[in-house]
Structures are given as structure tokens and as C-alpha cells.
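The values are calculated or read from the model by the stated rules, or taken from the named source; none is laboratory data. Note that this is a predicted model, so its numbers are computed, not measured. Cβ placement follows ideal geometry from the backbone for every residue including glycine, while neighbour counts extend to all protein chains displayed. When the accessible area is computed, the model is the full protein with side chains, heavy atoms only, and any ligands, DNA or RNA have been set aside. Shrake-Rupley method; radii C 1.70, N 1.55, O 1.52, S 1.80 Å.
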There are 2 protein chains.
Amino acid sequence: MDIEDLATRIEAGERRALARAITLVESGRADHRADATALLERLKDRPAQALRIGLSGTPGVGKSTFIEAFGLMLTGQGLRVAVLAVDPSSARSGGSILGDKTRMEHLSRDPNAFIRPSPAQSQLGGVARRTREAIDLCEAAGFHVVLVETVGVGQSETMVAEMADLFLLLLAPGGGDELQGVKRGIMEIADILLVNKADGDLRATATRTCADYAGALRLLRKRAQDPQGFPKAMTVSAVEHAGLDKAWSEMQALADWRREAGHFAARRADQARFWFEAEVREGLLARLKREPVRGAMATLGRQVAEGAITPTAAAEELLIQYLQ
Amino acid sequence: MDIEDLATRIEAGERRALARAITLVESGRADHRADATALLERLKDRPAQALRIGLSGTPGVGKSTFIEAFGLMLTGQGLRVAVLAVDPSSARSGGSILGDKTRMEHLSRDPNAFIRPSPAQSQLGGVARRTREAIDLCEAAGFHVVLVETVGVGQSETMVAEMADLFLLLLAPGGGDELQGVKRGIMEIADILLVNKADGDLRATATRTCADYAGALRLLRKRAQDPQGFPKAMTVSAVEHAGLDKAWSEMQALADWRREAGHFAARRADQARFWFEAEVREGLLARLKREPVRGAMATLGRQVAEGAITPTAAAEELLIQYLQ
């Protein structure tokens, strides 16, 4: 593969080259992995940065409608927008949350938008690296905004927050039950809560829910990376395209403040280190799947199951004999 | 340390020897670890098995009161009962969920009961091994029932379920909100749901809540390790000592069925293998904390943070140079 040629075409913003590069980083083949690493190394010095926005929300909250409306608003302002999806459950469900591009019918046809469905995956570690690398590729291709959507299964929100500059949580209008239903920990990582469906019969409920969330946010510990007034809760209506411009202004204001205060760059540096350490751990654990360790582990595992040796003693034996 | 002497005294049921051995497995010192491994290896062939019962429930649900009442009922039947606590958060709170023995005032004075508070810990991995080894020691000391209590922070319920023969979930009476509040996944690992506080004004609510949970349980997938009617929901009143004998009958019936069907032994074998593999992973990752890997990781981590190298390329370099 001609890495230099592919890199040049990505930098020129060629969508087909970008799509091909993402397929490359998604591949499990060893030669593809080597090419992917070389490509990313080649592209790492970039003149411009995209704003990386993480977005989560439970099914039914209107994520697709929001992304479609929000994305079209941004492309309407001349910005180039990439949308990536993270779905750790897609291996089980056999599908992809963005598989059907009709989910975002207009945005998917917009020449200034790039929508990439989530590949079927089984393991969050792999999903994390692929998503992170796809973000890097979109950034290298000159996209102004990279939106990373997650359905919020298991640890996926934390993972996406660790690769985003801003994290949005899309919520449904509702009562106290909704507040309870928000997974513990997610409030702490969100920068902006967007209560969607603030239209028609639900408008008043959405306003009240938004006030409830704003109250809940005030109870959270103050974070160094937040200016006055953040994290904040706002209402939007994706179907009526209402509040989207205001939400975008707030995102920009937050990003600008963080850039000036040095938090933006510091956070990216922390994230890079975080992912480096995660990859080291993953690479180390991969040795357990290869011979001769794999075979020795199976043999010792049988002895442990039979009660011939304790788990701890067996683990020590394996570590000493094969993994010093 | 005279391992043989300590082992003999444990097998004779000496409580002080048991307490000393648990302190040994809780120690982080390398020589203590070697002694602990030797002791557990020496004690692994045991004539009798304890019934290992995991118990979880959110704060305020009445866990202490339940354990006190349930434990006293068992000792009243001539059974010897050990109570262990798992609290992954105790390092933060600085305390121990069983630190104050007044929590179980009568049980703690019962010569047929052994209550061990949770040590202050920082890391779940360490907690898991220590708890597992403490269970083994209690079993070797001839206890008939080992009750392992967890406050249910993070992954601690799953961890306790992986070392128990039966898993109980203690719940409060309440409406649909309570049902929602139960952490996803925990219903799937529970064998018996106990709705506590079925007394006084809450009796009717407890009965209704129990019916709600019974309905929810019927929606779960049938598990091979369950006889007809399990998992099941029941009401109890720890303060009135009501329903405890019935709950114990159900636990025994379930354990007997599983023993006869072969699930009991199979589960223990699976658990032993699971913990062996967990210990191998943990031991392998511990290498990252030791020199020279630790230093190299710090240096590469700085380069990654500065953007001089991508996380993936840096991880590959470290793995190749230090961890082949």
C-alpha cells in the first residue's frame, strides 16, 4: 500500500481516501495494522484541529434526528462535519447503529458531511482504538467538527468522553424518574445536557426537566476545566430545529474558553497518554492468547478446575514459567 | 512462620488462628504472600464444603439487621456462620462497612459466628483475591455457611457472585422506581430476591413490590442452573425475624438441587478457573509498575502527550522493547 499517496489524498480532503483509511484501521489483519500505524504516524502533524464532540443518549431520545439537524446547521455555515458511531453492542445485535444511512437522510447526502457507520465489533478495546484512529483521520482530512455518537452501553460513554473535547448528553423530557434513570457517573462527564423534544405538547415538560437537570448540575463538584455557568442544561427541539444555534454557540464558547485557559491542549495530552497506557495493557494481555502461553493456561486451568492446585499458585507458576 | 501448625489450628476451628490467617492473606508483603499461598495450598483438600452465600443490597435496605437476624437463626440451629464484607470503596471512606461490630451486636458475640470486617483497600483486584482466600480459610475452618456481604459499588456484586454458590439481593419495599433503581445486570446474577421490611406500615407495599420483582424475574432468560421456580422473590422482615426460615429453606433446596444436578461442583470449577485467569492478567499487568518498564512508560508517555509519537506507535515500541 502506498501510505504516502493515501496520506496526501486524505490531507486533500478526499472522502474516498478517508473511507478507505478508516477501513484500514478497522481491519484486524497484521499487515493492515502496520499500514494503519504508519499512516497515522505520517498524519500526526496537522495544521488544524477539529472540534471533537462526544454525544450520548438513550434510545428513543432522538439522537439521529438531532445529529441530522445539528449537522445540517453546521454544514449550512460552511463547516465540514464528520459523524462516527460507537456501538459496543453491535456484534451482538448484528447490526450497526448507523448502518442505515436513511437514519440521517439529508446529512448523508451533504457533500460537506461524512457519515461512518459503526463496524460490528465484539470488544470495547478494539472499538476504542478504531474510533480514536478514525477521529484522527477525519481531523487530518480537514473536518471542522467530528461528532462521535454512542448508544451508551456499558463503558462506552466514558470511552467516548476520553476521546472528545466536549461531551453532550441528549435527554428526553420527563419527571424525576428520568433523572434517576441517567446512569451514575455520566452527569460528571457531560459538558452540556440537551433536553430534546422541547416542542408541541412536551415543551413545558422539557422546560421543567431542563430546570431539574440544571439544579442537579449545580450539586456537582466544580471542575477546573469549566468556566462560569458550565456544565449547563439547555432545551432543544431537533424536529423544529430550535435551540441548535444556541447550543452550538455554547459549545464554541466553552471550547474557546478552554483553549485560552490551556485546558484544551492539556486534555488532549492527557487523553493521548491515557490511550497509550491502555494500548500497552491490551498488547500485554494479548500475549495470553498466543502460544505457548495459551496452551499452558488451558492446562493449568483444567488443574485448577479439578482442584489439584489453587488459582493463586497456578497463576504464579504460569507467570514465572512463561511471562517473566 | 509455621504454616503446618497454623493450618492444623485452622482445621481444628480455632478462631484466633483463622483471624491470623486472614490477616496474612490481606497483607501486601511479599513474604506474607508466599506464606499465604503455601497455607492455602496446604488447606485446599477439605473434607466438607461451606455454603457460600453472596449478599448485596443498597445502603438503608437493612443488610446488617438481616445478617444479624439470619446469622443468629443459623447459629441457633447449631450451624457455624462466617460473615465477610467486601467494600471496594472503603479506601476512600477510610472506614469499613463491618468495622463497627455493634452493627451486628449479638451475632458478633456468638461463639458459633465469625465476623470479619472489610480491610481498607484501594483496588478491586486485591479485594477479590483477599476475599476469595478468606472464604477458603473459613471453609477450611469448618464453617457451614460463609456469608459475603457487598455494598454493591461498581463491579463488586459480579465479583462476589463469582465466588458464591448462591447470590441474594436484599431490596426495599417501594414502587416502580425501586425496580428501575436496581442496577442493570444484577437481576441476572441473583438467585433469590428478598424484599425486606415486610412489617408494620410497609407490609402491603413489600408484598406488592415482591410481586413486581417476581414478574420481572419471569421475563429473564431461563438459566440451566435453576430448578423450577428459581430465581424467586420473597418477602422478609429482618426486625421481626419473619420469613428467614422460609428463605433458608429455599436456599437449601436450591443448593441441594444444584448439587444433585452437578451444577454446584461445575460452578465452583468454573469460578476457580475464572480467578486463575484473573490472577494471571493481574500478575502480568503488575510488570508495568516495575522497572525498567515503568520508567520507559513514563518517558514514552511524555512523548505521546507532546504529540511526538502516536499512542499506538508508542505502545508498540514499548511492547517490543520491554515486554516480549
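What to note about this one:
- Screening segment A:161-245 for helices (runs of 4 or more DSSP H) wholly inside it with 1 or more residues that are under 28 Å from A:His144 (Cβ atoms) and either open to solvent by 40 Å² or more (accessible area, probe 1.4 Å) or modelled with pLDDT of 95 or more (or both) returns the ranges A:186-189.
- Taking segment A:39-66 as the range and being assigned to a helix (DSSP H, G or I) and either open to solvent by less than 10 Å² (accessible area, probe 1.4 Å) or away from chain B (no Cβ under 14 Å) (or both) as the test, the residues that pass are A:Leu39, A:Leu43, A:Lys63, A:Ser64, A:Thr65, A:Phe66.
- Contacts under 7 angstrom Cβ, first residue in segment B:1-16 being in contact (Cβ under 8 Å) with a residue 60 or more places away in the chain, partner aromatic (Phe, Trp, Tyr), 6 or more apart: B:Arg15/B:Phe114
- Among the residues of segment A:81-111, those identified as open to solvent by 50 Å² or more (accessible area, probe 1.4 Å), modelled with pLDDT of 70 or more and part of a loop (DSSP other than H, G, I, E, B) are A:Glu105, A:His106, A:Pro111.
- Condition met for B:Ala36 (open to solvent by less than 30 Å² (accessible area, probe 1.4 Å), more than 14 Å from chain A (Cβ to nearest Cβ) and either over 22 Å from B:Gly283 (Cβ atoms) or in contact (Cβ under 8 Å) with a residue 12 or more places away in the chain (or both)): no
- Subset of segment B:1-30 that is at pLDDT below 90 and open to solvent by 60 Å² or more (accessible area, probe 1.4 Å) - its residue that is farthest from the other protein chains (Cβ to nearest Cβ): B:Met1
- Every residue from segment A:314-324 that is within 8 Å of another protein chain (Cβ to nearest Cβ) and open to solvent by 20 Å² or more (accessible area, probe 1.4 Å): A:Glu316, A:Leu319
- Meets criteria (more than 7 Å from chain A (Cβ to nearest Cβ), open to solvent by 80 Å² or more (accessible area, probe 1.4 Å) and either under 30 Å from A:Gly283 (Cα atoms) or touching a residue at least 12 places away in the same chain (Cβ under 8 Å) (or both)) for B:Arg259: no
- Test result for A:Arg129, in a helix (DSSP H, G or I) and either under 23 Å from A:Ala272 (Cβ atoms) or modelled with pLDDT of 75 or more (or both): yes
- Answer residue from segment B:283-294, given it is free of Cβ contacts under 8 Å to residues at least 24 places away in the same chain and open to solvent by less than 30 Å² (accessible area, probe 1.4 Å) and is farthest from the chain's Cα centre (by Cα) among those: B:Leu288
- B:Glu279 within 27 Å of the chain's Cα centre (by Cα) and either within 8 Å of chain A (Cβ to nearest Cβ) or open to solvent by less than 30 Å² (accessible area, probe 1.4 Å) (or both): yes
- For A:Gly301, the test of being of a type in the set (Gly, Ala, Ser), within 7 Å of another protein chain (Cβ to nearest Cβ) and open to solvent by less than 20 Å² (accessible area, probe 1.4 Å) is passed.
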